[in-house]
1. Can you go through LEU97, LEU78 and tell me which one is under 24 Å from TYR9 (Cα atoms) and within 22 Å of the chain's Cα centre (by Cα)?
2. Which residues, taken from segment 1-52, are over 20 Å from VAL271 (Cβ atoms), part of a loop (DSSP other than H, G, I, E, B) and among the aliphatic types (A, V, I, L, M)?
3. Out of VAL271, VAL290, which single residue is over 16 Å from the mean Cα position of the chain (by Cα), surrounded by 21 or more Cβ atoms within 10 Å (Cβ to Cβ) and assigned to a helix (DSSP H, G or I)?
4. Evaluate the following for HIS146: is it assigned to a helix (DSSP H, G or I), over 18 Å from the mean Cα position of the chain (by Cα), modelled with pLDDT of 95 or more and over 17 Å from PHE69 (Cα atoms)?
5. Residues that are surrounded by fewer than 16 Cβ atoms within 10 Å (Cβ to Cβ) and either within 13 Å of the ligand (Cβ to nearest atom) or over 14 Å from GLY255 (Cβ atoms) (or both): does segment 317-326 have at least one?
6. For segment 327-359: of the residues being more than 14 Å from the ligand (Cβ to nearest atom) and aromatic (Phe, Trp, Tyr), which is farthest from the chain's Cα centre (by Cα)?
7. Counting only residues that are away from the ligand (no atom under 15 Å from the Cβ) and closer than 13 Å to ALA367 by Cβ, how many does segment 209-248 have?
8. Looking at segment 3-33, which of the residues that are more than 19 Å from ALA323 (Cβ to Cβ) and among the charged types (D, E, K, R) is modelled with the lowest pLDDT?
Amino acid sequence: MQPKFSAIYFEATRRCNLRCPMCMTGSNQREVVAHSRKRELAFEEIRDLVLHPAKNLGVKAVGWSGGEFLVRKDALDLLRLTADLGYQCKVCSNGELLDRDMLRAIKEAAGGKVTIALGLNSIDEHNSATRDADFDRTLEVLELCHELDIDRHVIVTLGKHNAESFERTIDYLIERRISFNRSPLVARGSGKAGFAEAAFDRNDLEQSFHPVLRTRVNGYVSYTPFFLSPELYERASGGLEGGIPHNPPIGCWVGNWITLTAEGDVSVCPVLLDALSAGNVREKPLDELVLSSPLFQEITDRSRLKGRCGRCRYQYTCGGCRAMAWYHSGDYMAEDPTCFFEPADRETRSEHEEETGRWFTKYLIVARHAGFFERRKRGPEPTGD
Ligand code: SF4
């Protein structure tokens, strides 16, 4: 079966108008940006080598990021092309250029439907540990989006800096009906320097992050460990495709998205860009590159996961964070070392499975609205029992 993918995440430039202290894309490093600038993919290359070929891979959505995507002069043209090709559009931004006029222009270019995603790691002073973006400015942009009827999303980077404030931050977002996803702080770019001290560990995950993640449906799009019953997933979705949960995507998103750097290097996850490369689209168009890539073949084969992930009941519905495996052990097929579950074998159930199932059935409504879940034609409605 040919693998299919849900989304592209494209860091289309490393240039940025901010200098975040823990920037993981190299945008706060002058030499990285200068080197990238000479090799940045041009509009025509993105059109012919990425967006057109992605149609053959089942991609539904394109997320534009950076650096700061909006510093590209052709940003609105790229959004127009994305919408014309029938993809959902998402713009990941630091918010600095997002005034009312720019938001209107983005919405118009994207054909009237776009999601603006902003980084907000904490609603209190912990935000500045990793971000230069002004916290009040971020909240202002979120309000402006609401006023202009633009979908909003927040990316929360998890590390020791926001373990204590995480629940307050998430509740703030939930009160405003803003969806979110968690992204782990990793040793990429300037994140390398502080990774050993700043990365969360399994205790932080168990005590601070996971209790919040598993009880807030707005963030069910992706987190690990994800204790979803494989039987429930099968009933809800019709099963895995190529060993990966696509309908909807859950747990680790490796196998659901394709990620690119500004220079056209392709990888399996945004935080693994610069660490793992499947090749460059200037060598082969995206579809050919991905379908012939040993990296994609191996990392999406969850039967080859090692350690606890390889003997776990949730091997396929969770998969363990491949980025955490890589950054902590250097082996992207290793167990997720930040997971606090200790399965003896596939019979071991997490005490959180039932709760995860209940929230997951609610999440299906969110995922259907977002275009990432299609209800099966026949069969009983899934329940969390
Ligand atoms: S052991 Fe691995 S697959 Fe199982 S719940 Fe933990 S991270 Fe997920």
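1. Working: LEU97 fails: within 22 Å of the chain's Cα centre (by Cα).
Exactly one residue qualifies, and that residue is LEU78.
2. MET1, LEU41, ALA42
3. Numbers: VAL271 fails: over 16 Å from the mean Cα position of the chain (by Cα).
Being over 16 Å from the mean Cα position of the chain (by Cα), surrounded by 21 or more Cβ atoms within 10 Å (Cβ to Cβ) and assigned to a helix (DSSP H, G or I) holds for just one of VAL271, VAL290, which is VAL290.
4. Here the answer is yes, as HIS146 does meet what is asked.
5. Here is the first cut: in segment 317-326, the ones surrounded by fewer than 16 Cβ atoms within 10 Å (Cβ to Cβ) are none.
For segment 317-326, residues surrounded by fewer than 16 Cβ atoms within 10 Å (Cβ to Cβ) and either within 13 Å of the ligand (Cβ to nearest atom) or over 14 Å from GLY255 (Cβ atoms) (or both): absent.
6. Looking at the filtered set, the residue picked out is TRP359.
7. So the answer is 9.
8. ARG19
The values are calculated or read from the model by the stated rules, or taken from the named source; none is laboratory data. Keep in mind the model is a prediction, meaning the values are calculated, not measured. Neighbour counts are summed over all protein chains in view; Cβ atoms, including those assigned to glycine, are modelled from backbone coordinates with ideal geometry.
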